[in-house]
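The values are calculated or read from the model by the stated rules, or taken from the named source; none is laboratory data. Since this is a predicted model, take the numbers as computed values, not measurements. Neighbour counts are summed over all protein chains in view; Cβ atoms, including those assigned to glycine, are modelled from backbone coordinates with ideal geometry.
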Amino acid sequence: MVLPVVPPVDPMLAKSVPTIPAGKLYEPKWDGFRAIVFRDGDTVEIGSRNTKPMQRYFPEVVAAVLEHLPERCVVDGEIIVPSSSHTGLDFEALLQRVHPAESRVRLLSVETPARLVLFDLLALDDEDLTSLPFSARRARLEGIVRGDGPVSVTAQTSDLAVAERWFSQFEGAGLDGIVAKDPASLYQPGKRTMQKIKHERTADCVVAGYRPHASGPDALGSLLLGLYTADGVLASVGVAASFPMARRRSLVTELAPLVTTLDGHPWNYAAEGRTPREAEGSRWSRGKDLSFVPLEPSLVVEVAYDHLEGDRFRHTTQFRRWRPDRDPSSCTYAQLEEPVSYDLADVLSAG
């Protein structure tokens, strides 16, 4: 490639803040795969959040770039997959797009096509734009997308009241929150110069086991969380895994009195050689060592989460506190509040 900005490029990042700050430019926070797209004639490379090439997994996005973007450009954006069953995003379907088999990739590109949402322009023709203010880069970006199709420029507003409304409304379409950007900021690869305000809810979950840390059995890798269904079944709903190493070691000691066997445990899949997650049919679990230490399901923990994906938390949850006085049987799906559905098409057309 002969471009003024060449791969790999670390995307510019955002740091979390509790509230939407004033005096910024505001955009929806898309829940997809971060993508820096390089186009030089008929050659397209898509760099991931970790700068690894992704173009082989999204042939329809490559085709869309060739059709809708200038012949020589570098853009920053997000690859998303709209849901085929509701009006929002489908993050699980997006995850499934990363598949080693080319035949499967081609099939999924038709069955669950992705689209590209752009929010920054790093280069155009022979011009490196990274040293321009963001407001100028954004103005240039708005003029480069040709026609209507699967490539679009994200919505943006400078009105704080509108951003606060988006924060509530767009959650129902599966978006993560709001990103606040300084109009004067330059593009700084790998730097957390933007600000993100994410949706967050809390839930009380039953701790029914844990996975050991990769370093060995004397440290905890993740807590396995459960919620009771309306039928009284303790369903695996996700994990909490963000702990300092010292805390990981102390948790193993702290949980030792609750360690039990799989006999009579609600997640007794030992006879089938499966873990709870494998029993739910996740292809991401196949071939991985997901053995866990079963615990008596009597301990309740409060965690912070963003959304559900089906009947599981979409991302790893954040440990908040133990709830020793909470009855585990009261930890049900009924306590979870999900946002009112919102049409993704309205988000894409907002401005």
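Quick look at the values:
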item	result
Some residue of region 220-234 being touching a Pro at 6+ places or on another chain (Cβ under 8 Å), at pLDDT 95 or above and either outside the structural domain of C331 (by TED's automatic domain parsing) or assigned to a helix (DSSP H, G or I) (or both)	no
Qualifying residue in region 192-203 (condition: under 30 Å from V65 (Cα atoms), hydrophobic (A, V, I, L, M, F, W, C) and touching a helix residue (DSSP H, G or I) at 6+ places or on another chain (Cβ under 8 Å))	yes
Leading residue by the ranking (farthest from the chain's Cα centre (by Cα)) among those in region 259-276 that are modelled with pLDDT of 90 or more and under 28 Å from E309 (Cβ atoms)	H265
Top-ranked residue of region 96-133 - restricted to ones that are of a type in the set (V, I, T) and in contact with a Ser or Thr (Cβ under 8 Å, 6 or more places away or on another chain), ranked as farthest from D76 (Cα to Cα)	T112
Qualifying positions in region 3-52 - touching a strand residue (DSSP E or B) at 6+ places or on another chain (Cβ under 6 Å), free of Cβ contacts under 8 Å to residues at least 60 places away in the same chain and not basic (K, R)	P7, P8, F38, D40, E45, I46, G47
Region 1-42, residues that are β-branched (V, I, T) and either closer than 23 Å to A173 by Cα or surrounded by fewer than 14 Cβ atoms within 10 Å (Cβ to Cβ) (or both)	V2, V6, V17, T19, I20
Top-ranked residue in region 133-165 [being in a loop (DSSP other than H, G, I, E, B) and of a type in the set (V, I, T); ranked as farthest from D176 (Cα to Cα)]	I144
Enumerated helices (runs of 4 or more DSSP H) restricted to region 36-132, each holding at least 1 residues that are touching a Pro at 6+ places or on another chain (Cβ under 6 Å) and of a type in the set (D, E)	59-68
Odd one out for R56, checked against (1) within 16 Å of L124 (Cα to Cα); (2) touching a helix residue (DSSP H, G or I) at 6+ places or on another chain (Cβ under 9 Å)	(1)
Matching option when the condition is more than 21 Å from T154 (Cα to Cα) and buried (at least 18 other Cβ atoms within 10 Å of the Cβ), among R72, R56, R97	R97
Residue under evaluation P28, criteria (1) more than 25 Å from A136 (Cβ to Cβ); (2) part of a strand (DSSP E or B), criterion not met	(1)
Residue among L95, L129, L107, L121 that is assigned by TED's automatic domain parsing to the domain that holds G147, within 25 Å of D346 (Cβ to Cβ), more than 22 Å from the chain's Cα centre (by Cα) and of a type in the set (A, V, I, L, M, F, W, C)	L121
Long-range neighbours under 9 Å by Cβ, at least six apart or interchain, first residue in the same structural domain as A235 (by TED's automatic domain parsing) within region 191-219, second of a type in the set (G, A, S) and in a loop (DSSP other than H, G, I, E, B)	R211/A241; R211/S291; P212/S291
Single condition T202 does not satisfy, out of (1) of a type outside the set (G, A, S); (2) buried (at least 21 other Cβ atoms within 10 Å of the Cβ); (3) at pLDDT below 95	(2)
